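> Could you have a look at this structure, given as structure tokens, before my questions?
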Amino acid sequence: MSGAMTAPPQSKGFVMSRRCDLTGKSALVGHKVSHSNRKTKRRFLPNLVNVTLMSDALGRSVKLRISANALKSVDRRGGLDAFLLKSKDDVLAPKVRDLKRAIEKKQAAAS
């Protein structure tokens, strides 16, 4: 047996991205600057939190991984439904896009 260590097998199904489900905010790249002004690459990661938000139109809760800034925006706009109806589809995660369509459909049926 050789002394080389092997890496543990990676799961092939689910990859968790560092991206906000609601705003699309993701990791940025910049420099870490030392005292001697040497620059090395680093990543600025978004402040993601796992939350459970309530949808008033659908009457159920939804688990999301969103940035702390997006959580404040949801509160400011008056809840998850109001936030989703104002947001653009291209920044939303696929799961949240389906949720937005369901909310629009429910509100259209109620009108």
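Quick note: the coordinates plus some simple rules give every number you see, no bench work behind them. Owing to the predicted nature of the structure, the values given are computational and were not obtained by experimental measurement. Cβ sites come from the backbone with ideal geometry, for glycine too, and all protein chains shown count toward neighbours.
> What number, in percent, do you get for the relative contact order of region 48-110 if the mean sequence gap of Cα pairs under 8 Å and at least 6 apart is divided by its residue count?
Here the relative contact order equals 29 percent.
> Right, here's the next one. Is the C-alpha gyration tensor of region 48-110 telling us rounded, prolate or oblate? Criteria: a/c under 1.5 is rounded; beyond that, a/b larger than b/c is prolate, otherwise oblate.
Judged from the Cα gyration tensor, region 48-110 comes out prolate (a/c at least 1.5, a/b above b/c).
> With each pseudo-label sitting 7 Å past Cα toward Cβ, what's the Ala108-Ala68 distance in nm, one decimal?
Once both label points are built, they end up 3.9 nm from each other.
> For the pair Met54/Lys86, report the inter-label distance in nm, with labels modelled 7 Å from Cα in the Cβ direction.
Going by the 7 Å Cα→Cβ label model, 2.1 nm.
> Can you list the lysines whose alpha carbon is less than 29 Å from that of Lys106, not counting same-chain residues fewer than 8 positions off?
Output for Lys106: Lys25, Lys63, Lys72, Lys86, Lys88, Lys95.
> Mean separation of Cα pairs under 8 Å and 6+ residues apart, divided by the residue count of the chain: what relative contact order is that in percent?
23
> Additional query: Rounded to whole Hz and in sequence order, give me ³J(HN,Hα) for region 74-88 from the Karplus expression 6.51 cos²θ - 1.76 cosθ + 1.60, θ = phi - 60°, writing x for Gly and Pro.
Coupling constants for region 74-88: 4, 5, 5, 7, x, x, 5, 4, 5, 5, 5, 5, 8, 7, 7 Hz.
> Specify which labelled value, from [x] 2, 12, 21, 21, 17, 12, 8, 5, 2, 0; [y] 2, 10, 18, 22, 20, 11, 7, 4, 3, 2, 1; [z] 2, 10, 16, 17, 13, 10, 9, 8, 6, 4, 3, 2, 1, 0, 0, agrees with P(r) over Cα pairs in 5 Å bins from 0, in percent derived from the coordinates of the model shown.
It is the value labelled [z].
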